[in-house]
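Values in this text are rule-based calculations from the coordinates and carry no lab data. Everything numeric here is computed off the predicted structure, so don't read it as measured data. No Cβ is skipped: glycine too gets one built from the backbone with ideal geometry, and neighbour counts run over all protein chains shown.
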Ligand code: DC
């Protein structure tokens with residue numbers, strides 16, 4: 001079983017890179033951010049506390065995201081849910097419930113898992129740990145294109161979420177020991193994917209020889 005952990009801030013290209021790396025390797029893709037978004041969505045819809053719903057949900061966090069069997073891939077990317085997810089992710093009870101779910105999934109095969117705390121908390125023994133980053137203006141530009149939104153608004157909101165994600169008391173965003181920091185500013189998508197796949201090949205080669 002091989003686990004590839006890809007962490008980093010919003011807009012660094014984690015999702016597209018992780019998805020393509022998983023496709024190239026034939027691994028299963030896990031979008032852990034989608035799980036925080038699902039908790040935020042379920043809590044909003046039910047008017048319940050995120051910590052109370054977190055343990056009750058069945059979430060499939062792949063390319064298509066299923067919440068209790070319902071397809072919510074687009075819905076969880078709405079701005080209100082994006083904002084709520086960042087707050088939900090600061091709750092230690094929610095984190096504990098989701099980390100538990102993630103560990104159970106990762107025990108079942110070969111995975112490319114992306115998020116903020118995969119290599120620091122969820123799977124510190126991952127075979128390959130990558131911290132993907134890019135400069136803030138570049139990340140905001142990419143997100144603005146993806147969302148069809150105004151770049152300066154995206155940049156301002158991104159700064160608030162970056163600050164919250166990296167200074168929160170529980171599992172703040174930071175590179176794990178032993179991770180490879182990959183700055184994607186100025187790199188083409190296929191170059192980033194090649195580098196990550198290369199790291200996986202090297203790690204597997206090191207095990208075989
Ligand atoms: O990657 P994303 O934007 O879909 O993540 C949604 C929110 O969840 C974001 O505020 C960061 C947080 N998150 C987290 O705290 N830990 C993770 N492993 C993944 C996401």
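With contacts defined as alpha carbon pairs under 8 Å and 6 or more residues apart, what's the relative contact order of the chain in percent? This gives 32 percent for the chain. Percent of Cα pairs in the stretch 1-132 per distance bin of 10 Å, from zero to the largest separation: 13, 47, 33, 6, 0.
Shape index of the stretch 68-209: Rg/Rh, with Rg the Cα radius of gyration and Rh the Kirkwood radius from the inverse mean 1/r over Cα pairs, equals 0.97.
Ranking of 129, 174 by neighbouring Cβ atoms within 10 Å, starting from the fewest: 174, 129. Using a Gaussian network model of the chain in which every pair of alpha carbons under 10 angstrom is joined by a spring, one finds that among 85, 58, 113 the greatest mean-square fluctuation is at 58.
Spatial offset of the stretch 40-55 relative to the stretch 135-204 amounts to 27 Å, using the alpha carbon center of each. Mean residue ellipticity at 222 nm, helices only, the chain: -16000 deg cm²/dmol; runs of at least 4 DSSP H residues each add -39,500 (n - 2.57), and the sum is divided by the number of residues.
The relative contact order of the stretch 1-90 comes to 25 percent, based on Cα pairs under 8 Å that sit 6 or more residues apart.
In whole Å, what three semi-axes, largest first, describe the equivalent ellipsoid of the stretch 28-87 built from its Cα gyration tensor (square root of 5 times each eigenvalue)?
Working: eigenvalues 55, 33, 20 Å².
Those come to 17, 13, 10 Å.
Hydrodynamic analysis of the stretch 97-137 uses the Kirkwood radius over alpha carbon pairs. Inserted into Stokes-Einstein at 10 °C and 1.306 mPa s, it gives a translational diffusion coefficient of 141 µm²/s. Picking from 150, 127, 117, which is most flexible by a Gaussian network model of the chain using Cα springs under 10 Å? With Cα springs under 10 Å in the chain, the top fluctuation among 150, 127, 117 is at 150.
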